[in-house]
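Chemist: Sharing a structure here in structure tokens format.
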Amino acid sequence: MWCRRWTRSGPTATWRASLPSPDPELGEVILEMTRTGTYLKCSAIHVATGLEVSAIGPVTEPRALERVAVAKLKRALSAR
């Protein structure tokens with residue numbers, strides 16, 4: 001299920017999506033992208049547990065940043 005929303009305030013922009021996880025055993029994940037200048041912050045929230053992780057990188061690589069955030073989320077969930 002996709003839920004897109006852009007919010008603009010000054011030099012920042014936010015995009016949020018509720019996605020089925022690329023890994024079926026991970027469950028539903030919410031991804032939030034926030035752009036500030038030339039940097040992009042991707043936050044990944046695990047819906048079932050509420051655990052949140054984030055990754056920061058260049059605005060030119062949003063898909064790579066999503067992969068990093070989901071990988072960090074998997075690692076954080078396995079450490080629990």
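Chemist: Of a type in the set (Asp, Glu) and buried (at least 19 other Cβ atoms within 10 Å of the Cβ), is that true of GLU52?
Modeler: no
Table: residues versus (1) open to solvent by 70 Å² or more (accessible area, probe 1.4 Å); (2) at pLDDT below 85; (3) aliphatic (A, V, I, L, M); (4) on the phi < 0 side of the Ramachandran plot.
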position	(1), (2), (3), (4)
TRP6	yes, yes, no, yes
SER21	no, yes, no, yes
GLU25	yes, yes, no, yes
ALA44	no, no, yes, yes
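Chemist: Right, here's the next one. Cβ-Cβ below 8 Å, separation at least six or inter-chain, first residue in the range 61-75 and small (Gly, Ala, Ser), second open to solvent by less than 50 Å² (accessible area, probe 1.4 Å): which pairs?
Modeler: Close Cβ pairs satisfying both conditions: ALA64/GLY57; ALA69/LEU31; ALA69/CYS42; ALA69/SER43; ALA69/ALA44; ALA69/VAL53; ALA69/SER54; ALA69/ALA55.
Chemist: Follow-up question, since we're still on this one. Is at least one residue of the range 60-78 over 26 Å from GLU25 (Cβ atoms), part of a strand (DSSP E or B) and modelled with pLDDT of 90 or more?
Modeler: Scanning the range 60-78 turns up no residue that is over 26 Å from GLU25 (Cβ atoms), part of a strand (DSSP E or B) and modelled with pLDDT of 90 or more.
The values are calculated or read from the model by the stated rules, or taken from the named source; none is laboratory data. From a predicted model like this one, the values you see are computed outputs, not experimental measurements. Methodologically, a virtual Cβ is constructed for each residue, glycine included, from the backbone with ideal geometry; neighbour enumeration extends over all protein chains shown. Quick note on the areas: whole protein, heavy atoms, side chains included, nothing else; ligands and nucleic acids left out. Shrake-Rupley method; radii C 1.70, N 1.55, O 1.52, S 1.80 Å.
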